[in-house]
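A.B. asks: To start, I am sharing the structure in question, which I have written as structure tokens.
The values are calculated or read from the model by the stated rules, or taken from the named source; none is laboratory data. What you see is a predicted model, and the numbers here were worked out from it, not measured in a lab. Positions of Cβ are generated from backbone atoms using ideal geometry, with glycine treated the same way; all protein chains shown enter the neighbour counts. We work out accessible area using only protein heavy atoms, side chains counted, and drop any ligands, DNA or RNA first. Shrake-Rupley method; radii C 1.70, N 1.55, O 1.52, S 1.80 Å.
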Amino acid sequence: MAEEMIQLLIILLGERHQLGVGQVTLKECVTREVLHRLCMGPCPHSKLQDILPRSALNTDDEPEVNLDHILQSLATYKHGGPGSKRQYEVRSEVLSEFCPFFFHYSRSELSKATEYLKKRASNENTEDVFQLLPTSLQAFTAPFDGVRNLFRTDQLVGFIGLVIGRTACMMSQLWTEQLTFAALYLAAMAMRDEEDHGLELARPGQPFTQLAFKDMTGCPKNLFTFDAIMKRFKGCKRVESLSTLIEAVCKVEYCIPFPPPATVDISV
């Protein structure tokens, strides 16, 4: 249940390649669809056409949207074996645009993409694609920009901190690697959003980076902050495969200089 919840949050906050939702063009939307289909494995031209809406390929209405032109930037055209069709294979340099939470994937399609990309990473001796941070986030259109307010809620930060804290505690059995990965991905996505689009939001309050690294418990000793948990989490053997994401969250650079935290006088 927790995994489904955090994946839904990632989709709501991160999937902006929809006309009217994000500040994107039809070509950008089509390019993202094609990329994620190619990330499931090599594919012939005919199948790529089948997965796209007809309106997206209407070159009379949208002359800039041309599937062949899009494929030139995303894939290489390779000969198949004897008696097989030639197929398009995704280029290594665009794999960083892959999103493991792509909302058009079914469970079986995500599993297929995962296996294919891990095989590619192994064959090419490159870093696993799932170690990569969220890519640049498109801006929301005005009616949907308020969705970003979710990033600056104590509830979101507390949820992420709870998942990370349970993972860092070796005595806890209430954790899974996928849930931990999703929590880290969501935290990195919040930081990326602040970097790309600044801190101007409709809802007043502290940004995610300040909420996440403040003393949420009010404890003067500063033992239970998100920052303290992350430092402990950094050496956790349970999730060594997520080391790149952990490093990125631990080394977050704030978008603006924050005032020093208020001190608590306990000398009574």
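A.B. asks: Multiplying the sequence separation of Val147 and Lys237 by 0.36 nm and subtracting their Cα-Cα distance, what value in nm do you get?
C.D. replies: Separation in residues times 0.36 nm, less the Cα-Cα distance, equals 28.9 nm.
A.B. asks: For Ala75, what residues show an amide H to amide H distance below 5 Å, using hydrogens built from the backbone and excluding near sequence neighbours?
C.D. replies: Correct list: Arg91.
A.B. asks: Through the Karplus equation 6.51 cos²θ - 1.76 cosθ + 1.60, θ set to phi - 60°, convert the phi angles of region 90-101 into ³J(HN,Hα) values in whole Hz; use x for Gly and Pro.
C.D. replies: In residue order, the calculated couplings are 4, 6, 4, 6, 9, 5, 5, 7, 5, 10, x, 10 Hz.
A.B. asks: Spin-label point model (7 Å from Cα, Cβ direction): what's the Met5 to Thr244 distance in nm?
C.D. replies: A separation of 2.9 nm, rounded to one decimal place.
A.B. asks: Would you kindly find the accessible area of Thr25, with a 1.4 Å probe and non-protein molecules such as ligands, DNA and RNA excluded, rounding to the nearest 10 Å²?
C.D. replies: Approximately 70 Å² for this residue.
A.B. asks: At 7 Å along the Cα-to-beta-carbon direction for both Cys169 and Asp154, put a label point, then send me their distance in nm to one decimal.
C.D. replies: 2.0
A.B. asks: Which of the pairs Lys112/Lys237; Lys27/Lys231; Lys78/Lys234; Lys27/Lys85; Lys27/Lys118; Lys85/Lys119 have their Cα atoms more than 32 Å apart in this structure?
C.D. replies: On the way: Lys112/Lys237 27 Å; Lys27/Lys231 42 Å; Lys78/Lys234 42 Å; Lys27/Lys85 26 Å; Lys27/Lys118 28 Å; Lys85/Lys119 22 Å.
In this structure, Lys27/Lys231; Lys78/Lys234 lie more than 32 Å apart at Cα.
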